[in-house]
Amino acid sequence: MTILITGGAGYIGSHTCVEFLKAGYNIIVLDNFCNSDRQVIDYIKQISSKNFKYYECDLCNKAQINRIFMENKIDSVIHFAGLKSVPESVKNPLKYYENNITGTINLLDAMNSHQVVNIVFSSSATVYGMNNKVPYNEDMPLSATNPYGWTKVMIEQIIKDYAAANTSFRVAILRYFNPIGAHPSGLLGEKPEGLPSNLMPYICQTSIGKLPYLKVCGTDFETKDGTGIRDYIHVCDIANGHLKALELLNKKSGVFIYNLGSGTGTSVLELITTFEKVNEMQLPRMNCNRRPGDISVSYADIHKAKKELGWKINYTLEDMCRDSWNYIKKFKECNNI
Ligand code: NAD
Ligand code: WQD
């Protein structure tokens, strides 16, 4: 079985490549490296002791995508490639709509031309918007609060419409909550570039002294300690969810939607103190205002993924904090930052 992994050099994609190689699949990576390094390809090969092809290809370029489908017999697609920064999407919405939506339409079109019917798509908890009650389940109404989030809502709809018109199509839409952590080898993780907008990359950059202090954004939420609550999940558990989803598509046709989270809420302060405890350090921090549009609590109902995919969680919050630190420490040593 040959799986095309778009965005396979990225944070979640690279861990998923390892998972599929370990399980004996043949993979092909497609990435334009706009938010990843070519070196990641070597690390995936090193960890898995397996070889695979990769293409430097932009999903906005139809001719390049078609070439990949022409040159290879692809059985299934796992589609990670996309831009993911919420603040950047607010500043430059057209870039996000163009890259994420046009890229996905081009991919679906190429799959259609080459009779490829299985796709696993990276969606996000962001599609639950601001008005649902926790825990979020897959049947709740969708909305978004920023252009990035809308690209996910729109792509979900495009994929569902396409599947309705092409009944042989098989789709798993996976809604990730807050993926953190890194591969236990320390070779793969979330690349520390620019000023991070997410909490764990911020913690990591502060832990190596790249940023002077942590910002706790909002201490007046209606939560146990006043800080925002989220559902953190180890990136390797997310990667394994893709394997389980593709196993399902190989058996059953239809459109399947699953939350991938831990099912538990953790506050900003709990995450920071767990990171400090596990890694034996103290991080300087400062209380700040809430970020505009931030909700107080988000966590997943994960019963459906557990029951229908037979997916289970193998990593704890402590593992996530230990592996994130292990990666950033190694990255700092290797890159002299
Ligand atoms: P990432 O930026 O690390 O990986 C995305 C990869 O896609 C990168 O390697 C980038 O170079 C590539 N890419 C982007 N646009 C492309 C294009 N037009 N053509 C080819 N390659 C392109 O991001 P990630 O954290 O690994 O996220 C993967 C997917 O999961 C994204 O779709 C993201 O929206 C979604 N997601 C991420 C999170 C999260 O917190 N990390 C949460 C929910 C959903
Ligand atoms: C977590 C908590 C912040 C930074 C984002 C995207 C969402 C999805 C997941 C892709 C919140 C607080 C943050 C900081 C802080 N990504 N915080 N100091 O908000 O759940 O969602 O990532 O699909 O689309 O919006 O995650 O990591 O940004 O924030 O105190 O420097 O940490 O207020 O409570 P979020 P996050």
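The values are calculated or read from the model by the stated rules, or taken from the named source; none is laboratory data. On a predicted model such as this, the values are computed, not experimentally measured, just so you know. Methodologically, a virtual Cβ is constructed for each residue, glycine included, from the backbone with ideal geometry; neighbour enumeration extends over all protein chains shown.
Among the candidates LYS215, LYS224, LYS160, which residue alone is more than 22 Å from GLY13 (Cβ to Cβ) and in a loop (DSSP other than H, G, I, E, B)? Steps first, please.
Numbers: LYS215 fails: in a loop (DSSP other than H, G, I, E, B); LYS160 fails: in a loop (DSSP other than H, G, I, E, B).
Testing whether each residue is more than 22 Å from GLY13 (Cβ to Cβ) and in a loop (DSSP other than H, G, I, E, B) leaves just LYS224.
For region 245-337, please list each of the helices (runs of 4 or more DSSP H) lying entirely inside it that holds at least 2 residues being within 16 Å of ligand 2 (Cβ to nearest atom).
Working: elements: 268-278, 303-309, 317-335.
Correct list: 268-278, 317-335.
For region 108-125, what are the residues that are within 16 Å of VAL171 (Cα to Cα) and within 9 Å of ligand 1 (Cβ to nearest atom)? Before the answer, list the steps.
Keep residues of region 108-125 that are within 16 Å of VAL171 (Cα to Cα), which gives 108-112, 115-124.
Of everything in region 108-125, those that are within 16 Å of VAL171 (Cα to Cα) and within 9 Å of ligand 1 (Cβ to nearest atom) turn out to be PHE121, SER122, SER123, SER124.
Just wondering, is there one or more residues in region 64-82 that are in a helix (DSSP H, G or I), touching a Cys at 6+ places or on another chain (Cβ under 9 Å) and crowded, with 20+ Cβ neighbours inside 10 Å?
Going residue by residue through region 64-82, those that are in a helix (DSSP H, G or I) are 64-71.
Still in the list and also touching a Cys at 6+ places or on another chain (Cβ under 9 Å): 64-65, 67-68.
Among the residues that remain, those that are also crowded, with 20+ Cβ neighbours inside 10 Å are: 65.
Yes.
Looking only at region 173-192, count how many residues are of a type in the set (D, E, K, R) and assigned by TED's automatic domain parsing to the domain that holds LYS152.
Number of matching residues: 1.
Could you list, in sequence order, all residues of region 182-206 that are in contact with a Phe, Trp or Tyr (Cβ under 6 Å, 6 or more places away or on another chain) and of a type in the set (Asp, Glu)?
Within region 182-206, GLU190 is the sole residue that qualifies.
Those residues that are under 21 Å from GLU98 (Cα atoms) and not in a loop (DSSP other than H, G, I, E, B), I need them from region 30-54; list them, please.
Of all residues in region 30-54, those under 21 Å from GLU98 (Cα atoms) come to 30-36.
Of everything in region 30-54, those that are under 21 Å from GLU98 (Cα atoms) and not in a loop (DSSP other than H, G, I, E, B) turn out to be LEU30, ASP31.
One line per residue, one yes/no per condition, for (1) within 13 Å of ligand 1 (Cβ to nearest atom); (2) surrounded by fewer than 18 Cβ atoms within 10 Å (Cβ to Cβ); (3) under 18 Å from the mean Cα position of the chain (by Cα):
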| position | (1), (2), (3) |
| --- | --- |
| ALA164 | no, yes, no |
| ARG170 | no, no, no |
| ARG175 | yes, no, yes |
| GLU193 | yes, yes, yes |
| GLY209 | no, yes, no |
| TYR213 | no, yes, no |
| GLY226 | no, yes, no |
| ARG230 | yes, no, yes |
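Looking at this structure, is ILE41 of a type in the set (Val, Ile, Thr), in contact (Cβ under 8 Å) with a residue 12 or more places away in the chain, within 11 Å of ligand 1 (Cβ to nearest atom) and more than 27 Å from ILE233 (Cβ to Cβ)? Before you say what the answer is, go through the steps one by one.
On the way: of a type in the set (Val, Ile, Thr): yes; in contact (Cβ under 8 Å) with a residue 12 or more places away in the chain: yes; within 11 Å of ligand 1 (Cβ to nearest atom): yes; more than 27 Å from ILE233 (Cβ to Cβ): no.
In short, no.
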